[in-house]
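Enquirer: The following block contains the structure, expressed as structure tokens.
The values are calculated or read from the model by the stated rules, or taken from the named source; none is laboratory data. In this text, all values refer to a predicted model and were calculated from it rather than measured experimentally. Methodologically, a virtual Cβ is constructed for each residue, glycine included, from the backbone with ideal geometry; neighbour enumeration extends over all protein chains shown. Surface areas here come from the heavy atoms of the whole protein model, side chains and all, with no ligands, DNA or RNA. Shrake-Rupley method; radii C 1.70, N 1.55, O 1.52, S 1.80 Å.
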There are 2 protein chains.
Amino acid sequence: MTSINIVCIGKLKEKYWRDAEAEYRKRLGAFCRLRIIEKKESALPGGAPAALIEKARDEESRAILESSGGALIVLSPDGDKMTSEAFAALIKKYADKGDMTFAVGGSYGLSDNIKENAAAVVSFSDVTMPHQLFRIVLIEQVYRAFMIINGRTYHK
Amino acid sequence: MTSINIVCIGKLKEKYWRDAEAEYRKRLGAFCRLRIIEKKESALPGGAPAALIEKARDEESRAILESSGGALIVLSPDGDKMTSEAFAALIKKYADKGDMTFAVGGSYGLSDNIKENAAAVVSFSDVTMPHQLFRIVLIEQVYRAFMIINGRTYHK
């Protein structure tokens with residue numbers, strides 16, 4: 001069974017996000033060994049100068065990279081747009097070879113360095129979402145991918 | 001204050017989706033009069049023939065159209081991709097003129113007829129999401145749009 005890591009920044013603060021994640025986590029148990037690794041969120045005040053934001057982004061990205069294992073798939077707004085079917089094909093390609101890590105940035109995004117280390121950089125949307133909601137969108141897409149890979153019916 | 005309707009198919013079955021929606025609904029109270037109108041979901045068995053699916057899609061679309069008021073914005077995978085800023089500009093354009101309705105289809109999508117009646121057809125993503133999760137993504141984007149329109153800071 002493939003090991004899949006989702007490495008992200010900070011904890012899910014709201015119970016409804018935690019419960020939604022727990023549901024997909026449970027369902028994914030049928031398909032992979034899933035670990036969700038939460039790295040420390042940099043605590044910057046609102047309106048922090050650009051240099052501090054860049055430093056926070058670099059530190060968070062380095063922490064994510066250190067916790068990554070196997071093929072690294074970075075989720076980033078400037079990544080390649082794809083359908084759920086293409087995302088499933090990407091997961092199948094790397095899952096056949098071994099383990100994988102999905103990296104999701106925090107409020108400040110991810111550094112170029114982590115993107116250069118990635119096997120793929122993927123974007124689901126042009127709109128900006130809170131990174132906590134994005135985590136739910138990602139885990140649902142990973143679950144959907146395994147349903148597609150296994151030829152199972154799954155409602156829209 | 002602009003009245004905004006979100007017309008969609010079926011109820012949110014999971015408590016975590018209802019709680020997430022309730023949170024954004026509360027926050028949106030500062031910006032608009034929001035009504036969420038849930039139309040009846042067609043109950044088709046899995047593997048129903050295409051003609052039955054088309055009939056269900058037409059019936060659901062007609063029910064949504066009947067509950068729409070003001071400018072109609074249809075959310076559909078084949079709509080125009082846009083950023084959160086462009087979506088905010090779209091909302092501002094129509095909110096300045098009066099009321100608006102956002103239409104979200106169910107499992108079977110929406111008919112061409114409702115798209116032809118729309119002021120705009122918008123897509124947030126190439127990936128397929130459960131329509132219940134998509135409702136949360138939409139209400140968060142509507143909230144984000146009002147934060148952008150009002151020049152307020154809002155975390156990613």
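Enquirer: What are the nm distances, shortest first, from B:Arg18 to its equivalents in the other copies, labels at 7 Å along Cα→Cβ?
Expert: Copy-to-copy label distances at B:Arg18, shortest first: 2.0 nm.
Enquirer: A further question follows. Could you sort the residues of the range B:104-125 by number and keep only those whose accessible area is reduced by 50 Å² or more in the all-protein-chain setting relative to the chain alone, 1.4 Å probe?
Expert: B:Ser107
Enquirer: Mind jotting down the distance between the C-alpha centroids of the range B:93-140 and the range A:1-56, whole Å?
Expert: 28 Å
Enquirer: Moving on to the next point. Put a dot 7 Å past each Cα toward the Cβ at B:Ile37 and B:Ala89; how far apart are the dots in nm?
Expert: Between B:Ala89 and B:Ile37, the label points sit 2.9 nm apart.
Enquirer: Which distances, shortest first and in nm, link B:Ala89 to the matching position in the other copies, using label points set 7 Å out along Cα to C-beta?
Expert: 3.3
Enquirer: Run through the DSSP bridge list for the protein assembly as shown and note the antiparallel percent, rounded to the nearest 5.
Expert: Details: 3 of 45 bridges.
Rounded to the nearest five, the antiparallel share is 5 percent.
Enquirer: Looking only at the range B:99-138, which residues have a backbone nitrogen under 18 Å from a spot 7 Å from the Cα of B:Lys81 in the C-beta direction?
Expert: B:121-129, by backbone N distance to the label point.
Enquirer: Step through the table entries B:Lys92/B:Lys115; B:Lys26/B:Lys55; B:Lys26/B:Lys97; B:Lys39/B:Lys97, compare each Cα-Cα distance with 31 Å, and write down the pairs that go over it.
Expert: B:Lys26/B:Lys55
Enquirer: Okay, moving on. Based on DSSP, what percent of beta bridges with both residues in chain A are antiparallel, to the nearest 5?
Expert: Antiparallel bridges make up about 5 percent of those DSSP assigns within chain A.
Enquirer: Kindly report the accessible area of chain B per residue (heavy atoms of protein chains, probe 1.4 Å, no ligands, DNA or RNA), in Å².
Expert: That works out to 46 Å² per residue.
Enquirer: Is the range A:1-64 best put as rounded, prolate or oblate by its Cα gyration tensor, with a ≥ b ≥ c the root eigenvalues, rounded for a/c under 1.5, and otherwise prolate when a/b is larger than b/c, oblate when not? Intermediate results must be reported in sequence, preceding the final value.
Expert: Details: a/c = 4.95, a/b = 1.93, b/c = 2.57.
Here the range A:1-64 falls in the oblate category.
Enquirer: What are the nm distances, shortest first, from B:Gly151 to its equivalents in the other copies, labels at 7 Å along Cα→Cβ?
Expert: 5.9
Enquirer: Based solely on its DSSP helices, what 222 nm [θ] is calculated for chain A when runs of n ≥ 4 H residues each add -39,500 (n - 2.57) and the sum is averaged over all residues, nearest 500 deg cm²/dmol?
Expert: Using -39500 (n - 2.57) per qualifying helix, the result is -13500 deg cm²/dmol.
Enquirer: Among the complete DSSP H segments of chain B, which ones combine at least 18 Å of alpha-carbon extent along their axis with a mean Kyte-Doolittle hydropathy of -1.0 or more? Don't skip to the answer; put the middle values down first.
Expert: Values: long enough: B:15-28 (19 Å, -1.99); B:50-66 (24 Å, -0.44); B:131-149 (26 Å, 1.02).
Both cut-offs are met by B:50-66, B:131-149.
Enquirer: Now for a different question. In whole percent, and with a 1.4 Å probe on the protein chains, what portion of the accessible area of chain B is carbon and sulfur? Display every interim value, and only then the final one.
Expert: On the way: 3540 of 7200 Å².
Carbon with sulfur: 49 percent of the solvent-accessible area.
Enquirer: Then there's this: Indicate the residues belonging to the range B:132-156 that lose 10 Å² or more of solvent-accessible heavy-atom surface (probe 1.4 Å) upon moving from the chain alone to the assembly of all protein chains, ignoring ligands and nucleic acids.
Expert: The answer is B:Leu133, B:Ile136, B:Val137, B:Glu140, B:Gln141, B:Arg144, B:His155, B:Lys156 - residues whose exposure falls by at least 10 Å² when every protein chain is included.
Enquirer: Next up: Quote the relative contact order of chain A in percent (integer), defining contacts as alpha-carbon pairs under 8 Å separated by 6+ residues.
Expert: Relative contact order here is 32 percent.
Enquirer: How many partner chain Cβ atoms sit within 10 Å of a residue's Cβ in peptide B:11-17, on average, as a whole number?
Expert: Across B:11-17, the average partner-chain Cβ count within 10 Å equals 3.
Enquirer: Another question, then. Would you mind giving the total buried accessible surface between chains A and B, with a 1.4 Å probe and ligands, DNA and RNA left out, rounded to the nearest 100 Å²?
Expert: Details: alone 8470 and 8480 Å², together 14380 Å².
Answer for the A-B pair: about 2600 Å² buried.
Enquirer: Could I ask something else about it? At a threshold of 8 angstrom on Cα-Cα distance, excluding pairs fewer than six apart, so keeping six or more, what relative contact order does the range A:77-144 reach in percent?
Expert: Working: 34 pairs, mean separation 38.7, N = 68.
Contact order relative to length: 57 percent.
Enquirer: Then there is this: By per-residue mean of other Cβ atoms within 10 Å, what is the highest-first order of B:128-141, A:22-35? It would help to have the intermediate numbers written out before the result.
Expert: Values: B:128-141: 21.6, A:22-35: 15.6.
The most tightly packed comes first, giving B:128-141, A:22-35.
Enquirer: A follow-up question, please. Quick one: compute the contact order of the range B:1-91, relative version, from alpha carbon pairs under 8 angstrom and 6+ residues apart, as a percent.
Expert: 33 percent
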